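Trainee: Let me begin by handing over the structure; questions about it come next.
Any read-out appearing in this document is the output of simple, stated calculations on the displayed coordinates, not a laboratory observation. Because the structure is a prediction, the values reported are computed rather than measured. Note that each Cβ is placed from the backbone with ideal geometry, even for glycine, and that neighbours are counted across all protein chains shown.
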C-alpha cells in the first residue's frame, strides 16, 4: 500500500492592527493627587493661568509668602515656616494669584498632571540640559497629548502578522489547520507614521516560520504577496 503524500498549504496571511489596552504612558507624564514639582500642571486651573505658568517674578508663593524671584525650595520642598509639617511634604512654589475661570479637571479626577522623568528628577529638579521655559512647553504638550488620549482621539496599537496553514496526510483531501503568528510589536501610537516598516518586519518573522514549517520559497513569496492588510 502506497503512503499518501504529505501536503502543506498556506491558506491566508494577514496583518493585524490590535488595540493595546495596557500601554506605557510614563513617557508623557502621569496624573496624581499631589504635584511632584513646580512644573506640574494644576488641572483646576487653565494652562495659561498664573498657577500653571508663574513667569512673573514678583508673584508671591501661597505656601511661604516669598516672591518667585526669591523662592529657593530646599530638598524637602517649599520653606514654609508657618506650616508645622512643611518638611514632611513635597511642597513647591504655588502662586497666590489665579487669573482663570477653571481648567480641565472633572469630578473624581486627579488634580495634577506631573511631568515625566525626561524633564525632572525624583525630587522635581530639572534634568541637566533642560531649561524652565523648555520644560513648561514640553509638559504642556505632553498634557495635551494625554488629554487627547483620554478622549480617544488616538490610541496605542499592536501590529502582528498571522497566517493560517494546513497539513494534509491524505494528499490534500483533508487538512489539519493551524494558526501561526509573528511576535508582534506593541505600544505604537495609532496616528504615527511608519506602519509599513513594522508590518514588513512582522511579515519577515512569519516568513522565517514558514521556512521552518517546510514551505518552499516560491510558495512563501506567493502567500506574502497576497497578504491581507487592515
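Trainee: Treat the count of other C-beta atoms within 10 Å as a stand-in for reagent exposure and order 113, 195 from fewest to most.
Mentor: Neighbour counts put them in this order, fewest first: 195, 113.
Trainee: Over the Cα atoms, compute the radius of gyration (one decimal) and Dmax (the largest Cα-Cα distance, rounded to a whole number) for the range 145-230, in Å.
Mentor: 16.9, 58
Trainee: Now a separate question. Once fully extended, how much extra length lies between residue 218 and residue 121, figured as 0.36 nm per residue of separation less the alpha-carbon to alpha-carbon distance?
Mentor: The span from residue 218 to residue 121 would gain 29.4 nm if fully extended.
Trainee: Additional query: Could the peptides 115-123, 39-47 be put in order, highest first, of the mean number of other beta-carbon atoms found within 10 Å of their residues?
Mentor: Averaged packing, sorted descending, gives the order 39-47, 115-123.
Trainee: Report D for the range 94-206 in µm² per second (integer): Stokes-Einstein, Kirkwood Rh on Cα pairs, 4 °C, 1.567 mPa s.
Mentor: So the translational diffusion coefficient is about 68 µm²/s.
Trainee: Then there is this: Taking neighbour counts of Cβ atoms within 10 Å as a proxy for exposure, in what order, fewest first, do 154, 186 appear?
Mentor: 154, 186
Trainee: A further question follows. Ranking 9, 137, 225 by Cβ neighbours within 10 Å, fewest first, what do you get?
Mentor: 225, 137, 9
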